[in-house]
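J.: Structure provided below as structure tokens; questions to follow.
The values are calculated or read from the model by the stated rules, or taken from the named source; none is laboratory data. Only a predicted model underlies this, so the values are computations on that prediction, with no experimental measurement involved. Cβ placement follows ideal geometry from the backbone for every residue including glycine, while neighbour counts extend to all protein chains displayed. Surface accessibility is based on the protein's heavy atoms, side chains included, excluding ligands, DNA and RNA. Shrake-Rupley method; radii C 1.70, N 1.55, O 1.52, S 1.80 Å.
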Amino acid sequence: MTRMRYAEALNRALHEEMARDERVCVIGEDVGIYGGVFKVTKGLRERFGDLRVRDTPISEQAMTGLAIGAAMVGRRPVLEIMYIDFLTLCLDQLVNQASIVHYIWAGQASLPFVLRTQGGAGAGAAAQHSKSLDALVAHVPGLKVVAPATPADASGLLVAAIRDPNPVVFLEHKLLYNTTGEVPEGDHVVPIGQAHVAREGTDITIVASSKMTLDALAAAETLAAEGIDAEVVDLRTLRPLDRETIARSVRKTNRALVVNEGWTTGGFGAELSAVIMEDAFDWLDGPVRRLGTADRPIPYSLPLEQAAVPDAAAITRAARLTLAG
Amino acid sequence: MRNAPSAEDIARMYRQMLVVRAVEEQLAVLHRQGKTRGPIHTCIGQEAAGIGATAPLEREDVVTSTHRGHAHFVGKGLDLRRVLAEIFGRVTGYCRGRGGHMLVASAADGLLGGNGIVGGGIPIALGQAFGFQLDGSRRVAVAIFGDGAAQEGTCHEAMNVAGLWKLPMVFFCEHNLYGLTVHARYQSSVPDLHVRAAGYGMPGVMVDGNDLLAVHGAMRDALDRARRGDGPTFVEAKTYRMTGFSTSDMGGYQPEEEMREWAARDPIARTRALLATMLDESSLEAVERAAAEEVEAAFAQAMADPFPDAAELDAPEYAVAEARP
């Protein structure tokens with residue numbers, strides 16, 4: 001195990017996969033000479049050259065198509081889209097092109113590429129650089145969507161995503177890059193599609209992903225001081241969703257709070273809530289509660305932004321309400 | 001003419017043009033009889049462009065086509081029976097009936113693939129060309145699109161990147177004067193689209209798109225240039241769509257005089273006249289008979305083929321292993 005930052009864990013995974021498989025290439029804005037705005041691609045261009053590590057124009061549609069086309073002819077591109085907010089520019093290529101190829105072409109081609117991007121509020125980046133659009137991509141059959149919370153999962157899931165024969169949307173969080181954690185040595189792979197119980201508990205299940213997992217774990221400590229023993233399920237993958245781990249936890253605790261940093265209405269929490277109703281209704285002692293970002297464009301000013309987006313305190317309050325319901 | 005096609009080559013392309021024309025005329029009849037599903041987009045009047053652009057390609061070269069791709073499918077060497085089976089939603093179709101006429105794809109033939117999103121295939125061809133450049137191969141990616149798609153952002157983004165990186169790619173624009181139901185004069189800032197190539201660091205060539213040899217020659221030059229590593233070419237083939245946008249088009253916006261003018265430049269009649277200087281009448285008639293028989297047999301077989309079982313809906317969402325052309 002080595003202690004490292006989330007950004008370093010991603011960087012290490014990219015270095016290792018590019019060294020292991022010469023088909024892997026990295027493309028995106030600022031990824032080459034500058035090493036990425038969050039330094040995730042640091043050192044790649046120097047080590048692997050400017051053919052395999054390409055700085056691109058600010059042309060998100062074309063770059064998404066570029067990743068699709070290159071994957072179609074045997075490359076394994078890792079595309080960085082600097083902010084998840086810019087994913088809207090990529091949506092035709094992702095939704096109308098990438099997602100349909102395997103199924104509609106009846107298996108004639110696979111598209112092994114990764115679209116890395118980062119979202120989330122908390123940095124004062126305002127309405128066009130702070131969103132969490134998980135639900136938008138998790139809605140689409142044919143895409144895989146992962147959202148690691150820890151450096152170990154960031155590294156292991158990125159390796160799995162690069163080796164996966166399908167398009168994977170890899171959701172990072174801008175406030176996680178500087179968090180630290182232990183990362184296993186060697187060929188560390190975290191399988192896509194497996195959630196895990198980040199904290200065991202008996203009184204309530206809190207389902208979360210990405211940064212919300214860390215906030216849920218902090219909330220669980222506060223709740224523990226009040227005598228509430230919360231279990232935290234870290235999804236790690238949003239699509240395909242590990243329904244089994246969620247259901248197993250809720251059947252044990254009989255209470256469920258789902259947390260997602262995206263907007264509440266039509267958000268990923270709604271999906272989680274429906275899944276729990278379908279899989280564990282008879283075990284519930286009260287209604288599933290969901291917590292998401294307020295249904296407003298994310299405002300800039302600090303008190304407004306803090307009020308809009310869930311944090312540990314909001315999760316703590318929501319957990320208490322869930323148990324009272 | 002350098003590497004001028006032989007009489008045999010021209011006869012083969014003439015036969016392909018006849019096949020496309022006969023297929024589309026028959027599809028129109030079947031559409032009126034309610035025997036097709038969804039809109040069908042025909043390229044009647046554009047066959048020289050579609051065949052001239054694809055016939056010079058090698059099998060390992062790849063094409064992204066459009067919603068109006070029948071000529072590209074035939075020119076790239078797809079099996080007509082399987083194309084028609086796809087159009088009729090049969091399990092013997094290239095995509096087992098999952099794609100339909102706009103989404104025909106044949107990985108084995110490098111037809112990757114048809115596309116129902118105007119301009120959607122252009123950045124994918126860009127990525128294919130990027131993959132070929134990384135491979136150091138002599139393969140070329142050809143993006144075929146219309147004058148309508150030339151107004152999409154994807155086209156401009158992809159032209160910039162292809163010119164910048166000198167990718168082995170050809171932008172082949174079938175300028176048929178209409179985007180949807182609207183004449184190009186209401187859609188384009190310039191009447192001749194090839195002039196835009198200069199702004200993207202590549203040569204732009206304009207040809208009479210109803211002159212098979214002119215299209216073929218321009219395409220050969222563009223392919224040679226791409227294979228030499230000199231980068232992309234933009235080829236604009238001036239042609240005309242003798243039918244509506246699709247079978248659901250009510251018409252009424254293409255002036256009769258304009259239709260008459262273009263009918264006089266019919267690419268099939270012109271190719272026949274050219275061939276008549278090389279072959280005797282009985283040889284020409286033999287080609288025509290062979291085309292008609294091929295089409296008749298393909299329709300009979302495709303329409304007798306089985307539909308997919310509804311259970312096939314549950315075919316896997318994801319690829320489990322890499323599959324590529």
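J.: Amide H to amide H under 5 Å from A:G120: which residues, 5+ apart in sequence or cross-chain, H placed 1.01 Å off N in plane?
T.: A:K131, A:S132
J.: With the Cα gyration tensor of the range B:7-304 giving a ≥ b ≥ c as the square roots of its eigenvalues, does the rule (a/c under 1.5 for rounded; else a/b larger than b/c for prolate; else oblate) give rounded, prolate or oblate? Write down the numbers at each step before the final one.
T.: Working: a/c = 1.33, a/b = 1.30, b/c = 1.02.
Rounded, because the longest to shortest axis ratio a/c is under 1.5.
J.: How large is ³J(HN,Hα), in whole Hz, for each residue of the range A:198-207 in order, when computed from phi with the Karplus curve 6.51 cos²θ - 1.76 cosθ + 1.60 and θ = phi - 60°, using x for Gly and Pro?
T.: 7, 8, 7, x, 10, 9, 7, 9, 10, 9
J.: A follow-up question, please. State to the nearest 20 debye the size of the charge dipole of chain B about its Cα centre, where the only charges are +1 on K and R beta carbons and -1 on D and E beta carbons.
T.: Working: 32 positive and 42 negative charges, 87 e Å.
That gives a dipole near 420 debye.
J.: Within the range B:194-215, which residues have the backbone N less than 19 Å from the label spot 7 Å out from B:A273 along Cα→beta-carbon, could you tell me?
T.: B:207-215
J.: Okay, moving on. Just to be sure I understand: with springs between alpha-carbon atoms less than 10 Å apart, which residue in B:Q16, B:Q46, B:Q33 has the highest mean-square fluctuation in the Gaussian network model of chain B?
T.: Fluctuation is largest for B:Q33.
J.: Nearest 500 deg cm²/dmol is fine: what mean residue ellipticity at 222 nm does the protein assembly as shown get from its DSSP H runs of n ≥ 4 alone, each adding -39,500 (n - 2.57), divided by its residue count?
T.: Working: 22 runs with 259 residues, N = 650.
-12500 deg cm²/dmol, from helical runs alone.
J.: In Å², nearest 100, what accessible area do chains B and A bury in total when the solvent probe is 1.4 Å?
T.: Values: alone 14580 and 13320 Å², together 24110 Å².
Counting protein atoms only, the buried area is about 3800 Å².
J.: What ranking do B:299-307, A:37-45, A:230-238, A:305-313 get when scored by the average of other Cβ atoms within 10 Å per residue, highest first?
T.: Numbers: B:299-307: 15.0, A:37-45: 20.3, A:230-238: 27.0, A:305-313: 17.2.
The densest-packed peptide leads the list: A:230-238, A:37-45, A:305-313, B:299-307.
J.: Taking the alpha-carbon centroid of each part, what is the distance from the range A:1-45 to the range B:29-93 in angstrom?
T.: Each part reduced to its Cα centre gives a spacing of 42 Å.
J.: Sticking with this one: Taking H as built 1.01 Å from N, whose amide H comes closer than 5 Å to the amide H of A:L238, not counting residues under 5 places away?
T.: Hits under the 5 Å cutoff: A:V145, A:V146, A:A147.
J.: Which residue, A:L304, A:N254, B:L180, has the largest displacement toward the positive end of the dipole of the protein assembly as shown when charges sit on each Cβ (Lys, Arg +1; Asp, Glu -1)?
T.: Result: A:L304, furthest along the dipole toward the positive end.
J.: Shielding by partners for B:130-141, please: the mean number of other protein chain Cβ atoms within 10 Å of each residue's Cβ. Intermediate values should be presented prior to the final figure.
T.: Details: counts 12, 11, 5, 2, 11, 5, 1, 1, 0, 1, 0, 3.
Across B:130-141, the average partner-chain Cβ count within 10 Å equals 4.
J.: Averaged over B:154-163, how many beta carbons belonging to a partner chain fall within 10 Å of each residue's beta carbon?
T.: On the way: counts 7, 1, 3, 11, 7, 1, 3, 8, 2, 0.
What the average comes to for B:154-163 is 4.
J.: By its C-alpha gyration tensor, with a ≥ b ≥ c as the square roots of the eigenvalues, how is the range A:2-183 shaped: rounded for a/c under 1.5, else prolate for a/b larger than b/c, else oblate? Present the calculation step by step, with values, prior to reporting the outcome.
T.: Values: a/c = 1.44, a/b = 1.18, b/c = 1.23.
In terms of gyration-tensor shape, rounded.
J.: Non-local amide H neighbours of A:C25 (under 5 Å, H modeled in plane, Pro and chain starts lacking H): which ones?
T.: Here the answer is A:R76, A:V78, since their amide H atoms fall under 5 Å of that of A:C25.
J.: Picking from A:A195, B:I117, A:Y83, whose Cα lies most toward the positive end of the charge dipole for the protein assembly as shown (charges on Cβ: Lys, Arg +1; Asp, Glu -1)?
T.: Final value for the positive-end residue is A:Y83.
J.: For Cα pairs less than 8 Å apart in space and 6+ apart in sequence, what is the mean separation divided by the residue count of chain B, i.e. the relative contact order in percent? Working shown, then result.
T.: Details: 619 pairs, mean separation 74.1, N = 325.
It rounds to 23 percent for chain B.
J.: Might you report the magnitude of the Cβ-based charge dipole of the range A:2-183 about its Cα centre, with Lys and Arg at +1 and Asp and Glu at -1, to the nearest 20 debye?
T.: Values: 18 positive and 19 negative charges, 59 e Å.
Value, rounded to 20: 280 debye.
J.: Further, regarding this structure: Do the alpha carbons of any pairs in B:K76/B:K166; A:K174/A:K252; B:K166/B:K238; A:K39/A:K144; A:K144/A:K174; A:K42/A:K211 sit beyond 27 Å of each other, and which pairs?
T.: Values: B:K76/B:K166 24 Å; A:K174/A:K252 33 Å; B:K166/B:K238 25 Å; A:K39/A:K144 24 Å; A:K144/A:K174 21 Å; A:K42/A:K211 23 Å.
Check vs 27 Å cut-off fails for A:K174/A:K252.
J.: Okay, moving on. If you build a Gaussian network model of chain B, linking Cα atoms that sit under 10 Å apart, which residue out of B:G153, B:G50, B:G100 swings the most?
T.: Result for chain B, Cα springs under 10 Å: B:G153 fluctuates most.
J.: How large is the charge dipole for the range A:128-251, taken about the Cα centre, if only the Cβ atoms of Lys, Arg (+1) and Asp, Glu (-1) carry charge, to the nearest 20 debye? Provide the component values of the computation, followed by the final result.
T.: Values: 11 positive and 17 negative charges, 120 e Å.
The dipole magnitude comes to about 580 debye.
J.: Shielding by partners for A:95-102, please: the mean number of other protein chain Cβ atoms within 10 Å of each residue's Cβ.
T.: Per-residue shielding by partner chains comes out at 5.
J.: Excluding ligands, DNA and RNA, what is the solvent-accessible area per residue of chain A at a probe of 1.4 Å, expressed in Å²?
T.: Values: 11400 Å² over 325 residues.
Computed with neighbouring chains in place, this is 35 Å² per residue.
J.: Can you give me the Cα centroid spacing of the range A:251-308 and the range B:120-163 in angstrom?
T.: When both Cα centres are located, 42 Å separates them.
J.: If you plug each phi of the range B:175-184 into the Karplus form 6.51 cos²θ - 1.76 cosθ + 1.60 with θ = phi - 60°, what whole-Hz ³J(HN,Hα) values come out, in order, with x for Gly and Pro?
T.: The phi angles translate into 8, 9, 6, 10, x, 6, 9, 10, 4, 4 Hz.
J.: What's the angle, to the nearest 10 degrees (0 to 90), between helix A:243-253's Cα axis and the longest principal axis of chain A?
T.: 20
J.: Along the Cα→Cβ direction, 7 angstrom out, place labels at B:V190 and B:L164. What is the inter-label distance in nm?
T.: For the pair B:V190/B:L164, the computed spacing is 2.0 nm.
J.: Here's a follow-up. Within the range A:2-183, what percent of beta bridges assigned by DSSP are antiparallel, to the nearest 5? Could the numbers behind the result be given before it?
T.: Values: 4 of 25 bridges.
If I count the DSSP bridges inside the range A:2-183, around 15 percent turn out antiparallel.
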